[in-house]
Amino acid sequence: MRPRLLRVLAAALAALTLPAGCGLPELADLPLPGGAPAGDGYTVTVEFSDVLDLVPQAAVKVDDVTVGSVEKISLSGWHARVRLRIDRAVRLPANATAAVRQSSLLGEKYVTVAPPPTEPARGRLGDGGVIPLSRTARGAEVEEVLAALGLLLNGGGLAQLKTINQELGRALAGREPAVRDTLRQLDTFIGGLDRQKTDLVRAIEALDRLTDRLARQRQVVGDALDSLAPGLTVLAQQRAQLTKALTALGELGKVGTRVVNRSRDDTLASVRALQPILEQLARAGDDLPKSMDFMLSYPFPPNVTGAIVGDFVNLSVTADLDAASILANLVAAAPAPVRQATPSALTAPPASGGGSRSTPGDTTLPGLPLTKCLPDLKNFPATWTPPKECGLPEGCVLLKPGSEVPIGGLLLPKGIVPPGTVFPAGTELPAGTVLTADCVLAVTGAVTGQVGDLPDLLGGGLIP
């Protein structure tokens with residue numbers, strides 16, 4: 001009411017000082033405080049923690065321009081609610097801020113509305129909108145400023161500032177380099193935090209999402225913790241047994257270590273003794289499974305199982321009664337002169353076992369100069385033809401590994417030449433070498449048998 005009284009007194013004094021003959025102005029002609037909108041306006045409610053001596057009909061300003069007036073002031077709990085009427089032509093953002101200001105040192109109070117200073121304006125504040133307490137403020141009163149100034153001038157504040165300054169000087173005396181380095185490191189640390197502001201915000205948001213999810217699953221987490229209680233109770237009851245078990249396990253580890261240390265030499269000797277056996281098994285390769293397959297149907301070959309029906313064996317015999325063929329077989333079966341093969345590192349290995357080989361009509365091949373009759377194993381050509389001086393049949397050709405096997409030819413999967421070719425049995429060639437049909441000896445009708453035990457059978461079979 002003080003601004004209104006001052007204006008009324010000023011008008012009265014002006015009237016008294018007027019010359020005689022001039023009439024007094026009507027009270028209706030006096031300007032009223034505030035600034036009610038010229039037309040229809042809209043209302044906005046603002047919450048303040050303290051409205052000071054703000055009165056109804058006080059002005060509402062935006063950028064120091066009066067756009068409305070205070071319509072009503074009421075109390076809601078421990079804060080004030082001020083209802084403003086603003087001109088409808090004025091548009092305010094939905095996140096606008098409000099504050100109680102004073103026009104001068106002894107002037108009237110008014111409400112100022114402004115866009116938010118720390119964030120962009122968004123939305124629109126409509127009729128019935130509310131500006132919450134978090135976005136309102138008030139200015140300092142003259143009494144507050146004078147009280148603070150009086151406290152400072154009376155020595156209350158200066159004495160404390162002097163004491164703080166003296167103690168701070170004593171604490172930093174002689175430690176200026178350390179303090180300077182600390183401030184420099186603090187500046188670096190704060191700079192690093194500022195550069196990682198985005199990551200920190202993202203981490204805090206992720207933590208917020210995690211806590212929100214945990215909050216939604218509070219019942220599930222509680223049930224899980226309640227379910228752990230019986231298990232923890234059992235573990236607590238069996239604590240002594242678990243301790244004894246762990247202690248016994250430690251003793252077992254010591255015994256095991258002692259046993260391993262004492263049997264180390266024997267274990268290494270056993271492993272070394274096992275190495276030749278493993279090497280032989282690896283060298284046997286596919287031969288061992290095939291031999292085992294033959295043992296299941298001994299003394300018949302594996303394919304005879306299809307011919308056995310009950311206690312009968314179906315036998316199929318094809319007899320060639322052509323006189324020319326019989327005569328040719330008889331002539332071919334005649335024993336050939338025996339000539340010893342030239343010693344070579346690539347000759348066939350001797351037969352193992354205690355059996356003896358009966359060689360009626362021995363057909364030992366003539367010795368070959370293997371150094372000339374065999375290709376260079378390190379640089380094997382695609383097609384290699386033995387020289388004529390080797391005495392091999394014409395057309396006997398060695399093909400490079402991977403070549404197509406011709407009709408009547410022979411593939412050497414392991415590179416070891418078997419019996420029945422023009423080369424000595426056991427000759428080593430590159431794995432996969434192909435022999436043409438002319439390198440394979442024709443069947444002469446001669447029968448060569450081997451008498452022996454199972455090792456002889458596994459070594460090469462009764463019939464080579």
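Values in this text are rule-based calculations from the coordinates and carry no lab data. This one's a predicted model, so the numbers in the text were calculated from it and none came from an experiment. Reconstructed Cβ throughout: ideal geometry from the backbone, glycine too, with neighbour counts over all protein chains shown.
Working only with C-alpha atoms, what are the Rg and Dmax values of the stretch 36-139, expressed in angstrom?
12.6, 37
Can you give the net charge of the other residues whose Cβ lies under 12 Å from the Cβ of T188, counting K and R as +1 and D and E as -1?
Taking every Cβ under 12 Å from that of T188, the sum is -1.
What is the sum of charges around L411, taking Lys and Arg as +1, Asp and Glu as -1, for the other residues whose C-beta is under 13 Å from the C-beta of L411? Let's see the in-between values first.
On the way: positive: K400, K414; negative: E404.
It works out to a net charge of +1.
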